[in-house]
Every structure is written in structure tokens, then in C-alpha cells.
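Participant: Before anything else, here's the structure in question.
The values are calculated or read from the model by the stated rules, or taken from the named source; none is laboratory data. All figures in this text were calculated on a predicted structure; none of them were measured in a lab. Cβ atoms come from the backbone with ideal geometry, glycine included; neighbour counts cover every protein chain shown. Heavy atoms of the whole protein, side chains included, go into the accessibility calculation; ligands, DNA and RNA do not. Shrake-Rupley method; radii C 1.70, N 1.55, O 1.52, S 1.80 Å.
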Amino acid sequence: MKKISVVTLGCKVNQYDTAVLLNQLPKSKYTKNKHFDEKADIYVIDTCTVTHKADSEARNYIYRAKRNNPEALVVVTGCYAQVSAEELSGLKEVDYIVGNSHKSMSLLRVIREGEKQKEPTVFISDIFKEKKKKFDTPHIDYFPDRTRAFLKVQDGCNYACTFCIIPRARGRSRSLDIEEIKSRIIRLRDNGYKEVVLTGIHLASYGKDIGTDLYKLLLELDKENIINRIRLSSLDPADLKNDLIDLCADSEIICPSFHIALQSGDKDILKLMRRRYLPEKFVSSTNYIRKKMPDASIGTDIMVGFPNENEENFKNSYNLLKESELTYFHVFPYSKRRYTQAESMNNQVDSKVKKERSKTLRQLSSLKKINFYTKFIGKNINTLIENKSRGTSSNYINVKIEDNIYQTGDIVKLKIKRIDGEYAVA
Ligand code: SF4
């Protein structure tokens, strides 16, 4: 029996990719360590490269793997492997580098047949240039360590925001067909999952490459009442139409929780980012969600310190967020990425300024979250029991459960008693 340690950095799509690997490994031959730093025969690092911090985090795990067991096989995969194979090839700790281009066809074989290498063996092709790449990520029966399963239905992105390295790491947009999605949801439902989170690199592009779209997918899933809960991961404001919001509002199974990536509240910065909408579009869509679903959670991604962002630009972001219907936001300081247009832009913003602006927006986000949670004190909310002390409501409230008499995975109505920091207490 071989011991394997696995870590996944980054987004839900990457976590799904790792879940696929763990589903494919025969339990008779491999056992997964609970913690990455336990001694293992094989270490797999599924990397992210959205920021330089993510790259250094991946390198940190590589060194730790070597320290934990110098004889172990070290396999690096994911977006950092896809974009920076050359850089990773310089690390003697690494045995195999498997890009996203080869994740579905080579990763499992490398783990099953791989041997220690004098220098890293690389499995990679230029995914960015592959015009006809098909969606090739297999299904899963279970999602390790989660009660709410992610389901990858789309990969890649055809856009080119000037700060973003993802298209280079993930290639062009490609989608899984609706019938296969339905059968994968049924498989997870029959294995006890009550919630599936539909995810993709650019979920709003779902289906455009196969003659359908996200609206038609949700209409099908809703019509068939296929599972208790369907949750959507991040959406692009440019593609968010009111008919999709109406469908979600009328649905019994689509969760009233939205994450719509704004990035900046300033029109000039949005233009420099090559985003495809104006601040007004974002405001009108989020206002429409609030009108149709008064209890919906609405989150966003906001970047600070994009090149050329001055005090006035930042103020525009701050004011939009403050006056908006948003209930939380994830704040990202701009991170220079190779191969992106913004890397060579003038007027790069000082890291101290980025830090201050991040702090200001994170404080505002906490206020928004507490105001939103406070609305539910004394009310009963549908909560999926995640473990002994935590649950997640359909409108994405983190619930701390004091006297938990419920089964993990059950959906129950819980009365909110008070707010405790980032949690609503039941
Ligand atoms: S839409 Fe823009 S930010 Fe999102 S993955 Fe595509 S290029 Fe990156």
C-alpha cells in the first residue's frame, strides 16, 4: 500500500481536478494522508499561478515534500506547472511536471508508474494554442473532505483581461454537455450529496462552444429538480442577463447566492483591465438580484493597486462597493504576472499603497457581511450541515451550530440567535 500526500492550491476547478485523481486511485493500492506533511511515498502538488504568492506557496510545498521524505516521488501539476515548467525544471526536488494540458491523460500514469528522476520529466503542450481542445475532465463519485461537491462543467477562457494569466494556463473555453452534467449530478446525489457547486474557469461562457449556454443548462436542471441544491460559482458581469436572474429567483433548487467578479468600480481602470462592462452594468445587475431575491448573498472579487489606479480611481471603487447591494467581497492586491499586458504598464502602484487599500476594502466587506447576517437574527434559515459545528445556508451564510443534533450532509431549518464575528450562530 503506497501513501500519497496531496495539496491543491487555488480555485474550485483545480480542486475538482485533484478530486478526479483521488477518485481514480485504486483504494487497494493507495492511501491518502490526512495531512500533507505526513511521510508519503508520493507527493502531489496541484498548483495555482494567479499571483506570485501562489507560485512561492507551490515551491514551499515542493521543498516540504522533499524534507518529509527525500526518497518520495514529487509530482507538480496545475497552472504553475503549465505556465512555468522551465522554472520548475530547475528544481532538483521535482521528479515530474504535468501541465494542465496532460492532467487527464498522464497524471494518473505518472503516479502509478513514475520513478525517481535525476531531473524533472515534463509532460506539457501549449494549451493556449490548442484551438480544438475538448472538455476531457472525468466524473467523480465523491469529493474528498467536502459535504458540498464541486462539479466542473467548463474549463479555459477566451478573454484576455490584461492582468490575467489564466487563459495561458487553462487554454480556450470548453464545456461538458448537458446530458453528461445531469448524469454526473445524479451520480453525486446518489452518493449522498445534497448540494453541487457548478464551477468553471469562466462559467458564464458555459456551452458557447457546444451550441448551448448557462441559462439553458440551469433551465434543464431546474425542470428536472435534479438535486436539493445547485450553487453557481463566480460569474462575469458582462454576461449576466436578467433572464438568468429571473430563473434563479423562481427556482426551488438554485441557491440565492451569487459571486460576480467586479475587479474595479472605476470605468477607466476597467478599460485598462480590458473588462467588458462598465460599473453601471454591475450595479444594475446586483440591484436586480436584490429586487428579485431580497435574502440573496451577493459577493464579488475586487482588485486594488492595478497599474495607474490613483486615489480617485480607488475612491470610485470604494463608493460603488459601499453603496452596493453586495454582502461580502474578496480583495486582491494586483500581482504582476509574466506574459500579461499589465506587467509592462507604467505607473505600477506601490505595495504599501496596495496594502492600505486592501485593508480599507476588507474592513468595508466585514461591515457589509455583518449587516447582511444581522438581517437573519430570529429567522429560520435552510442550512446544510457541514460537520459537528458548522453549516452553510442556501444564501451562503456560515452558520456556527451550538447544539448539533443533526447528521452531516442533512439540510435543516435553523434559527439564528446572534452574530459572532464571521458567523451566524444557531
Ligand atoms: S475573464 Fe479575464 S480574469 Fe477571468 S479568466 Fe478570463 S482572462 Fe482571466
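Participant: When you scan segment 74-93, do you find a residue that is within 23 Å of Pro144 (Cα to Cα), open to solvent by 70 Å² or more (accessible area, probe 1.4 Å), outside the structural domain of Gly200 (by TED's automatic domain parsing) and not hydroxyl-bearing (Ser, Thr, Tyr), even just one?
Facilitator: Within segment 74-93 (the criterion being within 23 Å of Pro144 (Cα to Cα), open to solvent by 70 Å² or more (accessible area, probe 1.4 Å), outside the structural domain of Gly200 (by TED's automatic domain parsing) and not hydroxyl-bearing (Ser, Thr, Tyr)), the answer is no, since none of the residues qualifies.
Participant: Also, quick follow-up: Give segment 1-28 a look and list any residue that's more than 22 Å from Pro333 (Cβ to Cβ), touching a residue at least 60 places away in the same chain (Cβ under 8 Å) and of a type outside the set (S, T, N, Q), or say none.
Facilitator: Listed by number, the residues that qualify are Ile4, Val13, Tyr16, Asp17, Ala19, Val20, Leu21, Leu22, Leu25.
Participant: Hey, another quick one. Exactly one of these conditions fails for Phe306: (1) touching a residue at least 40 places away in the same chain (Cβ under 8 Å); (2) in a loop (DSSP other than H, G, I, E, B); (3) open to solvent by 20 Å² or more (accessible area, probe 1.4 Å). Give me its number.
Facilitator: Just one mismatch for Phe306, condition (3).
Participant: Of all residues in segment 395-426, which are part of a strand (DSSP E or B) and surrounded by 15 or more Cβ atoms within 10 Å (Cβ to Cβ)?
Facilitator: Taking segment 395-426 as the starting set, the residues that turn out to be part of a strand (DSSP E or B) are 398-400, 411-416, 418-420, 423-425.
Of everything in segment 395-426, those that are part of a strand (DSSP E or B) and surrounded by 15 or more Cβ atoms within 10 Å (Cβ to Cβ) turn out to be Asn398, Val399, Lys400, Ile411, Val412, Leu414, Ile416, Ile419, Tyr423, Ala424, Val425.
Participant: Another question about this same structure. I'd like to know if segment 320-340 contains one or more residues that are over 25 Å from Pro256 (Cα atoms) and in a helix (DSSP H, G or I).
Facilitator: Step one: of segment 320-340, the residues over 25 Å from Pro256 (Cα atoms) are 333-340.
Pick out the ones that are also in a helix (DSSP H, G or I) and you get none.
No, every residue in segment 320-340 fails to be over 25 Å from Pro256 (Cα atoms) and in a helix (DSSP H, G or I).
Participant: Name the residue that is most open to solvent (accessible area, probe 1.4 Å), counting only residues in segment 116-134 that are closer than 28 Å to Arg187 by Cβ and within 16 Å of the ligand (Cβ to nearest atom).
Facilitator: Checked segment 116-134; the qualifying residue most open to solvent (accessible area, probe 1.4 Å) is Lys133.
Participant: Check off (1) under 27 Å from Ile181 (Cα atoms); (2) under 23 Å from the mean Cα position of the chain (by Cα); (3) surrounded by fewer than 17 Cβ atoms within 10 Å (Cβ to Cβ) for Asp246 and give me the number that stays unchecked.
Facilitator: All conditions pass for Asp246, except number (2).
Participant: From the list Lys354, Lys322, pick out the single residue that is touching a Pro at 6+ places or on another chain (Cβ under 6 Å) and either open to solvent by less than 10 Å² (accessible area, probe 1.4 Å) or not aliphatic (A, V, I, L, M) (or both).
Facilitator: Values: Lys322 fails: touching a Pro at 6+ places or on another chain (Cβ under 6 Å).
None of the others qualify; the one that does is Lys354.
Participant: Go through segment 147-183 and count every residue that is in contact with a strand residue (DSSP E or B) (Cβ under 9 Å, 6 or more places away or on another chain), in a loop (DSSP other than H, G, I, E, B), more than 8 Å from the ligand (Cβ to nearest atom) and over 14 Å from Lys131 (Cα atoms).
Facilitator: The number of residues fulfilling the criteria is 4.
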